[in-house]
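Below is one structure; the comments refer to it alone.
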Amino acid sequence: MKYKKFAMGLLLLAGSQLAQAEQIGSVDTVFKWLGPDHKIVVEAFDDPDVQNVTCYISRAKTGGIKGGLGLAEDTSDAAISCQQVGPIELTDKIKNGKSQGDVVFQKRTSLVFKKTAGRAFL
């Protein structure tokens, strides 16, 4: 029974199609003597259901000692923009209308509960 649950968890993890964001760049906003500075981070990820569409998200990242250790809570401020980078190709899931409000991007923004998520509505 234990092995079935473990295998099921692995399948769910492997089947997850959340996009992995690539960091494009960052700008320091507040200097910190100890630990990394507060910054605005710009990341890009490809939409998993719409081929040749890249989305860019900019968000605040808390620095300092807590930020360096991953204990700080980032603010909820974020902006997103999606751009066509080639001919658009839709998956069957979207063509059949079965994709509404699916999470395409997710990033942890605090130690325990808070997450920033991008959802696609087509």
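For this structure, a couple of remarks:
- Note that the stretch 18-121 shows a convex hull volume over its alpha carbon atoms of 94 Å³ per residue.
- Using C-alpha pairs below 8 Å separated by at least 6 residues, the relative contact order for the stretch 18-121 is 23 percent.
- Assuming charge only on the beta carbon of Lys and Arg (+1) and of Asp and Glu (-1), the dipole of the stretch 76-120 about its Cα centre is about 240 debye to the nearest 20.
- Cα-centre dipole for the stretch 18-121 with unit charges at Cβ (Lys and Arg positive, Asp and Glu negative), debye to 20: 380 debye
Any read-out appearing in this document is the output of simple, stated calculations on the displayed coordinates, not a laboratory observation. Here the structure is a predicted model, which is why all the values come from computation and not from measurement. Reconstructed Cβ throughout: ideal geometry from the backbone, glycine too, with neighbour counts over all protein chains shown.
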